[in-house]
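**Student:** If you scroll down you'll find the structure; I have some questions about it.
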């Protein structure tokens, strides 16, 4: 016999229109919609909205508790002062009623006036209207920015949620899905490594990377045979042979001679490894990330090397600069982020050789939320090593 469904609430998105359906003696159950019996699926937008609602509800609950405590403290102080007045501990201000001078309160209203006047100087904060505070919190909740869900549909991959991704993430996904090796060029902290990682996660692919530098060898990329003649595999070999996303991070810090061994792998269907010629997996995706276009050092990124033109020609290139809208969204502290972005713009205008990246915005917002003094945060993440005049120039016009 079918058991009568019992209403349930989804613990992920907060949906309350659900029921568990358990039929006969089956040990399996599924969470279905109350109205149409369809399977319930939580979307990313549902989860985000529910978490935001939980956060605001918690803030409202905490604020209500604070108000209750203030009311209780006020009532205690009022009662104590009433007792003092009753025993002559608080002087009564003379007043006139119908032309007759009296020396004390003659009604409960008069007593209240005297108590309020007596305790007002001792209250650190003005009394709060609980209903008004709750109303204001609800108004702020209603004004909370709603993030519009963005989706990218790629025939080779399917639908990808790009709501909280860099503005150039969709270009990366498109180029990669078409089989191109992709070069991301952008300043430090622009989210290049994160984008590659997220691309793998959103497409269900494995992810590996090598942080390239002057000392990176071809053996770290292609592997080698040990003294016993056994081939030692690498992360690049795994991704090339079995599929997945491989990132050459800080690629412009590497040796052009070493990176040239990947010329064939970057654009063709095979790569020569120490144990033989291996066919490229159809789901292999190669991404290179650097601070330059591989043409040599700049004033800020002096460690970048000029790379071989044949190697650079293998890549579809994306200008991966700072996404300042995403920066504000992730930091969730508009005042702090606005200052960081102003200092960044001033540094560029003054041609100062410093990097002020979204790491300063996101990390600084966390520090400020933890109660660390703003001056300390500014120095730690932006102004360390600068002269007083440089700091003043950066702050000018803010």
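**Student:** Can you name the number of the only condition in (1) surrounded by fewer than 16 Cβ atoms within 10 Å (Cβ to Cβ); (2) under 30 Å from residue 260 (Cα atoms); (3) touching a helix residue (DSSP H, G or I) at 6+ places or on another chain (Cβ under 6 Å) that residue 314 fails?
**Tutor:** Result: residue 314 passes all but (1).
**Student:** How many residues does region 250-259 contain that are in contact with a helix residue (DSSP H, G or I) (Cβ under 8 Å, 6 or more places away or on another chain) and surrounded by fewer than 23 Cβ atoms within 10 Å (Cβ to Cβ)?
**Tutor:** Within region 250-259, residues that are in contact with a helix residue (DSSP H, G or I) (Cβ under 8 Å, 6 or more places away or on another chain) and surrounded by fewer than 23 Cβ atoms within 10 Å (Cβ to Cβ) number 2.
**Student:** Being under 21 Å from residue 301 (Cα atoms) and surrounded by 22 or more Cβ atoms within 10 Å (Cβ to Cβ) is the filter here, so list the residues in region 212-223 that pass it.
**Tutor:** Within region 212-223, just 212 meets the criteria.
**Student:** Right, another one. Going by the structure shown, is residue 220 more than 20 Å from residue 175 (Cα to Cα) and under 32 Å from the mean Cα position of the chain (by Cα)? Break it down into steps so the answer makes sense when it comes.
**Tutor:** Working: more than 20 Å from residue 175 (Cα to Cα): yes; under 32 Å from the mean Cα position of the chain (by Cα): no.
For residue 220, the condition - more than 20 Å from residue 175 (Cα to Cα) and under 32 Å from the mean Cα position of the chain (by Cα) - is not met.
**Student:** Further question: Within region 287-308, work out how many residues are out of contact with any helix residue (DSSP H, G or I) (no Cβ under 6 Å at 6 or more places or on another chain) and within 30 Å of residue 204 (Cα to Cα).
**Tutor:** Residues flagged as out of contact with any helix residue (DSSP H, G or I) (no Cβ under 6 Å at 6 or more places or on another chain) and within 30 Å of residue 204 (Cα to Cα) within region 287-308 amount to 2.
**Student:** Among the residues of region 279-286, is any farther than 20 Å from residue 218 by Cα and either surrounded by fewer than 16 Cβ atoms within 10 Å (Cβ to Cβ) or in contact with a helix residue (DSSP H, G or I) (Cβ under 7 Å, 6 or more places away or on another chain) (or both)?
**Tutor:** Step one: of region 279-286, the residues farther than 20 Å from residue 218 by Cα are 281-283.
Remaining after also requiring either surrounded by fewer than 16 Cβ atoms within 10 Å (Cβ to Cβ) or in contact with a helix residue (DSSP H, G or I) (Cβ under 7 Å, 6 or more places away or on another chain) (or both): 281-282.
Among the residues of region 279-286, at least one is farther than 20 Å from residue 218 by Cα and either surrounded by fewer than 16 Cβ atoms within 10 Å (Cβ to Cβ) or in contact with a helix residue (DSSP H, G or I) (Cβ under 7 Å, 6 or more places away or on another chain) (or both), which makes the answer yes.
**Student:** Within region 156-180, can you find the residues that are closer than 16 Å to residue 243 by Cα and part of a helix (DSSP H, G or I)? It would help to see each step written out before you state the result.
**Tutor:** As a first pass, look at region 156-180 and keep what is closer than 16 Å to residue 243 by Cα: 156-157, 173, 176-180.
Across region 156-180, the qualifying residues are 173, 176, 177.
**Student:** Quick check on my filter: what residues within region 135-168 are modelled with pLDDT of 65 or more and under 29 Å from residue 58 (Cα atoms)?
**Tutor:** We begin by selecting, within region 135-168, every residue modelled with pLDDT of 65 or more; these are 135, 148-168.
Those that are modelled with pLDDT of 65 or more and under 29 Å from residue 58 (Cα atoms): 135, 148, 149, 150, 161, 162, 163, 164, 165.
**Student:** Return the only residue of 262, 209, 247 being at pLDDT 95 or above and buried (at least 22 other Cβ atoms within 10 Å of the Cβ).
**Tutor:** Values: 262 fails: at pLDDT 95 or above; 209 fails: buried (at least 22 other Cβ atoms within 10 Å of the Cβ).
One residue alone meets the criteria, 247.
**Student:** Next up: What helices (runs of 4 or more DSSP H) lie completely within region 357-398 and have 2 or more residues being in contact (Cβ under 8 Å) with a residue 40 or more places away in the chain and farther than 15 Å from residue 335 by Cα?
**Tutor:** Values: elements: 358-369, 374-378, 388-395.
Filter on region 357-398 gives 388-395.
**Student:** Could you list, in sequence order, the residues of region 299-311 that are surrounded by 15 or more Cβ atoms within 10 Å (Cβ to Cβ) and within 23 Å of residue 352 (Cα to Cα)?
**Tutor:** 300, 301, 304, 305
**Student:** For residue 189, state whether it is under 22 Å from residue 331 (Cβ atoms) and out of contact with any strand residue (DSSP E or B) (no Cβ under 7 Å at 6 or more places or on another chain). Steps first, please.
**Tutor:** Numbers: under 22 Å from residue 331 (Cβ atoms): yes; out of contact with any strand residue (DSSP E or B) (no Cβ under 7 Å at 6 or more places or on another chain): yes.
So residue 189 fits the description; yes.
The values are calculated or read from the model by the stated rules, or taken from the named source; none is laboratory data. What you see is a predicted model, and the numbers here were worked out from it, not measured in a lab. Cβ atoms come from the backbone with ideal geometry, glycine included; neighbour counts cover every protein chain shown.
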